[in-house]
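Asker: Mind looking over this structure? Questions follow.
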Amino acid sequence: MRVLSVASEAYPLVKTGGLADVVGALPAALAPHGVETTTLLPGYPSVLKHLGKAKPVRRWDDLLGTPARLLPGTIDGHPLLVLDAPELFARDGGPYADATGLDWEDNWRRFAALGRAAADLAPAFDLLHAHDWQGAMAPAYLRYDGADVPSVLTIHNIAFQGRYDAKVFPGLGLPEAAFALDGVEYYGGVGLLKAGLASADAITTVSPSYAEEIRRGEFGMGLEGLIEARRDRVSGIVNGIDPAIWSPETDASLPARYTARALSRRRVNKRAVEAAFDLEPGDGPIFIVVSRLTWQKGMDVLADGLDALVAMAGRLALLGSGDAALEQAFVAARTRHAGRVGVRIGYDEALSHLLQGGGDAILIPSRFEPCGLTQLYGLAYGCVPVVARTGGLADTVIDANEAAVAAGVATGVQFAAVTPDGLHHALRRTMALYAQPDCWTTIQKQGMRADFSWKRSGARYAELYRSLIAA
Ligand code: ADP
Ligand code: GLC
């Protein structure tokens, strides 16, 4: 089975978040199930640099108004295709925004062109798998082309929708009829994610809970009606983690590598975390955060709760970047609580590994979370997840309530309300568990034993692909 996977990021070539980890991991996750995945990415400078010299395998004179070439390569040994369209992708800055953080004005054209190219290539494959709004036009083009290629669209985050003014519609190169309620029209404008959701043969979310949540206004962000209408096509497949990158036994970013049988070795890493974040050394717990600093992630609630965390003798090591106001709030907290709160504003892959390998508990107070990967890394590393009970966080962490602790199945702490009180209560519970070393170690080990490799989820995607191809 040959699948074309189209997305705007893939680890290790370009990453702004979990989407990249998942798109990067899928080819290896699917290979054992007889699926060969070819990944199609935009030709950002970082991606072209990785390719080096490559001979184009296809050219477009006019891909939604611009010339483009298709360059072949590999990503971790799996086939890669890169859409080289300099007018669209050869820019400094991030994949979606310029260096000042402002979204590129022509993002609709950039990612519609990616979708157009994917649809042109798809007939040479058995199935097309598109990711998020940036890949979502691919199933829409297939549909209006009348192409006989089944398609899957995965929603990694329904909050990002690719919504534009109606005046961009002519630039999409679609028939007039596509500007309709069951097409790309969205609240009077154009919706790229919406167009894909209306067109794909199957829709997946990255956890079962999120598939249910987005049927409701609270989580659906305006698309709940469409999701509800297409509910027979929607299913949730939880993300896995790539053990080649995330295993404490082999992780080159850790001063001390370890297994569940030798957890005391984590102490060496904890000292390294203290040093890296200017924390007073000590045996009390270090809470960690590795996150985009945004409202989705509940980082405002954490910022407000920091004084309470310090008052109960907790320490915090935070790595993240995002909203300027939140960055400033954490920097101010570091000054207020020197030695107790350590903050690193920025993006640092190696440091994120050290935090998971040396921190005691990872805080994830998200208001919504389609899946979340950092709690899975926490589980694998014995860094106990303390999470809001939502989406993939609810699906992957087993709360250490009395019964679960007694049964020895708990893997973390969940809390319901993302409010200062809710967080405060969760922190207190975590401190109490930490104060009972046997209990804490059991929770750590139980988390490390939990299987969040891609084995099961890879099989589920392959099964979904097969059923669509058969139909
Ligand atoms: P999201 O995709 O919504 O940001 P996920 O938990 O799915 O959330 O994935 C986030 C990914 O980005 C993880 O791999 C996490 O380790 C990584 N990450 C987030 N912020 C940083 C940072 N400041 N430095 C290094 N890695 C980060
Ligand atoms: C999105 C979601 C996150 C998910 C990731 C990978 O970024 O916010 O919850 O883990 O995609 O699927």
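Asker: Name the residues whose placed amide hydrogens come within less than 5 Å of the amide hydrogen of LEU40, ignoring near sequence neighbours (fewer than 5 apart) on the same chain.
Answerer: Amide H to amide H, under 5 Å and 5 or more residues apart or across chains, LEU40 pairs with SER5, VAL6, ALA7, LEU81.
Asker: Determine, from the Cβ-Cβ distance of ARG456 and ALA90 and an R0 of 56 Å, the FRET efficiency 1/(1 + (r/R0)^6), rounded to the nearest 0.05.
Answerer: 0.90
Asker: A further question on this structure: Where does the charge balance sit around TYR377 when Lys and Arg score +1, Asp and Glu -1, over other residues with C-beta under 12 Å from its C-beta?
Answerer: Every neighbour counted, the sum reads -4.
Asker: Tell me the net charge near TYR258. Cut-off is 11 Å between Cβ atoms, TYR258 excluded, with +1 for each Lys or Arg and -1 for each Asp or Glu.
Answerer: Charge balance in the 11 Å sphere: +3.
Asker: Sticking with the crude label model, points 7 Å out along Cα→Cβ, report the distance from VAL409 to GLU228 in nm, one decimal please.
Answerer: 3.3
Asker: Let me ask something else about it. For PHE415, list long-range residues whose amide hydrogen, built 1.01 Å from N in the peptide plane, is under 5 Å from its own amide hydrogen.
Answerer: Amide H neighbours of PHE415, under 5 Å, 5+ apart: VAL387, ALA388, ARG389.
Asker: Going by Cα centres, segment 156-226 and segment 242-304 are how many Å apart?
Answerer: A separation of 37 Å, based on Cα centres.
Asker: Please report, as a whole percent, how much of the solvent-accessible surface of the chain comes from carbon and sulfur atoms (probe radius 1.4 Å).
Answerer: Taking all protein chains in place, the chain shows 53 percent carbon and sulfur surface.
Asker: May I ask for the net charge around LYS55, where only other residues with Cβ less than 15 Å from the Cβ of LYS55 are counted and Lys, Arg are +1 while Asp, Glu are -1?
Answerer: With Lys, Arg at +1 and Asp, Glu at -1, the neighbours total +3.
Asker: Could you go through segment 411-419 in sequence order and give the Karplus-derived ³J(HN,Hα) for each residue, using 6.51 cos²θ - 1.76 cosθ + 1.60 with θ = phi - 60°, rounded to whole Hz, and x for Gly and Pro?
Answerer: Result, ordered by residue: 10, x, 10, 10, 9, 8, 8, 7, 9 Hz.
Asker: Then there is this: Between helix 349-358 and the chain, what is the angle of the helix's C-alpha long axis to the longest principal axis, kept within 0 to 90° and rounded to the nearest 10?
Answerer: 30
Asker: Please determine, in degrees from 0 to 90 and to the nearest 10, the orientation of helix 266-276 with respect to the longest principal axis defined by the Cα atoms of the chain, where the helix direction is its Cα long axis.
Answerer: The two axes meet at around 80 degrees.
Asker: Using alpha carbons only, how many degrees (0 to 90, rounded to 10) separate the axis of helix 324-336 from the longest principal axis of the chain?
Answerer: Value to nearest ten degrees: 10.
Asker: Amide H of VAL384: which non-local residues (sequence gap of 5 or more, or other chain) have their own amide H closer than 5 Å, using H built in the peptide plane?
Answerer: Under 5 Å from the amide H of VAL384 lie the amide H atoms of ALA361, ILE362, each far enough along the sequence or on another chain.
Asker: Hey, how many Å between the Cα centroid of segment 324-364 and the Cα centroid of segment 49-76?
Answerer: Segment 324-364 and segment 49-76 have Cα centres spaced 39 Å from each other.
Asker: Let me ask something else about it. Multiply the residue separation of ASP61 and MET312 by 0.36 nm, subtract the distance between their alpha-carbon atoms, and state the gained length in nm to one decimal.
Answerer: 84.0 nm
Asker: Could you provide, to the nearest whole Å², the per residue accessible area of segment 260-449 with probe 1.4 Å?
Answerer: 38
Asker: Another question, then. Modelled label-to-label distance, ASP165 and ARG466, 7 Å Cα→beta-carbon offset: nm?
Answerer: 5.0
The values are calculated or read from the model by the stated rules, or taken from the named source; none is laboratory data. Keep in mind it's a predicted model, so treat the numbers as computed, not measured. Glycine gets a Cβ as well: all are built from the backbone with ideal geometry, and neighbour counts include every protein chain shown. Accessible surface areas use protein heavy atoms only, side chains included; no ligands, DNA or RNA. Shrake-Rupley method; radii C 1.70, N 1.55, O 1.52, S 1.80 Å.
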